[in-house]
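I have placed the structure first, in the form of structure tokens, so that the comments after it can refer back to it.
The values are calculated or read from the model by the stated rules, or taken from the named source; none is laboratory data. Fair warning: this is a prediction, and the values are worked out from it, not measured in the lab. Counting neighbours? That spans all protein chains shown, and the Cβs are built from the backbone with ideal geometry, glycine included. Accessible surface is based on the protein model in full, side chains and every heavy atom, while ligands, DNA and RNA are left aside. Shrake-Rupley method; radii C 1.70, N 1.55, O 1.52, S 1.80 Å.
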Amino acid sequence: MEFNVNGKVALVTGGSRGLGFYAARALLRNGASRVFVSSRKVDACVKAANELNSSSTGASGHGKAIPIAADFANPDDIKRVIDHIDRVTNGRLDIVIANAGATWGAPLHSHDPAAIDKVLALNVRGVFVTIQSAARLLERSGTDEDPSRVIVVGSVIGLPSGTAEIGKMGTYGYGASKAAVHHLSMSLAVELGSRQVNVNTIAPGFFKTKMAAGLIDRIGEDKLVSQNPKHRLGRPQDLESVIVFLCSKPSAYINGVVLPVDGGQHLAKF
Ligand SMILES: NC(=O)c1ccc[n+]([C@@H]2O[C@H](COP(=O)([O-])OP(=O)(O)OC[C@H]3O[C@@H](n4cnc5c(N)ncnc54)[C@H](OP(=O)(O)O)[C@@H]3O)[C@@H](O)[C@H]2O)c1
């Protein structure tokens, strides 16, 4: 059985660093022909693409990372990215990793409602508009044997077991946004499944990225490690393997799942 994404064209939102960068690297290492790496800052996108195209991280040597800056909280910007991909690939798009996300934490009494709007605009509306805009290309590229794939990056915090943690961290909008995208991806899986587009969600536990580093320090890395059934945080390869699996031909019948990638954290105490 072969797990690869040979020849596939992919878009990774928030691909300039962290989990999105690992996802882009995994796709290139496993055969993707073109991976569009997108985030707000043009310099960050170019730097990430250069690193992905260098011989040390570059994949099989055949694929290419292509930087494209965009704000995924802005629907017009999202449509511009998809139109650009449509033009330069002649309508080919096989994989979308809807990963760009943001968080905000503050105590309940001083939590600014505007922060909730900001988080939801990227983490929920941005994911929706990305899939909505990309759907026509994905439908055209997918087949019954090997459907196109959307992977939404949710979070263990969006699972029912994560709710007890939200108050401790003050990440009210973030928790709600992740529960919302889990639900959104399941409903889109039902709608798009028959159109040869599989929609799945991964729910990562704690990975030490720029976004999570502060939170991990505040809670205490030792505490998080000791409470995790696997006694460690997530590593880049944990994310990379699940991305390749969910985008490969042998997983063609997996549609509409929310898959924790957390060492079993969602079943234990945080
Ligand atoms: N790390 C964890 O432990 C963890 C756990 C569960 C879920 N997640 C989820 O994983 C995803 C990636 O997080 P991460 O930990 O890798 O965070 P990160 O290292 O902070 O990376 C976030 C990425 O998103 C981009 N981004 C931020 N706002 C954007 C916007 N408005 N438009 C386009 N791109 C934007 C950033 O680049 P620019 O600044 O250039 O825009 C960057 O590339 C998020 O959805 C997060 O909720 C992470």
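In table form, for the structure just shown:
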| read-out | value |
| --- | --- |
| Rg/Rh ratio calculated on Cα atoms of region 120-161 (Kirkwood radius) | 1.09 |
| 15 Å beta-carbon shell around PRO160, net charge (K/R +1, D/E -1) | 0 |
| Heavy-atom accessible surface of region 9-267: percent carbon and sulfur, 1.4 Å | 55 percent |
| Inter-label distance, nm, simple model (7 Å from Cα along the C-beta direction), PHE3/THR143 | 2.3 nm |
| Anchor LYS118: aspartates and glutamates whose Cα lies under 17 Å away (excluding residues fewer than 8 positions away in-chain) | ASP71, ASP76, ASP77 |
| Straight-distance crosslink candidates among aspartates and glutamates, where the alpha carbon sits under 14 Å from LYS208 and sequence neighbours closer than 8 are dropped | ASP217, GLU221, ASP222, ASP238, ASP262 |
| Under the Karplus curve 6.51 cos²θ - 1.76 cosθ + 1.60, θ = phi - 60°, whole-Hz ³J(HN,Hα) for region 252-260, x wherever Gly or Pro sits | 4, 9, 9, 8, x, 8, 10, 9, x |
| Cα centroid separation - region 1-56 against region 197-258, whole Å | 17 Å |
| Interchain or long-range residues, amide H under 5 Å from LEU11's placed H | PHE36, ILE95, VAL96, ILE97 |
| Average accessible area per residue (Å²) across the chain - probe 1.4 Å, nucleic acids and ligands excluded | 45 Å² |
| Semi-axis lengths, Å, region 21-166, gyration tensor of Cα atoms, sqrt of 5 times eigenvalues | 29, 18, 16 |
| Computed label-point distance, nm, for sites SER110 and ASP77 using a 7 Å Cα→Cβ extension | 2.8 nm |
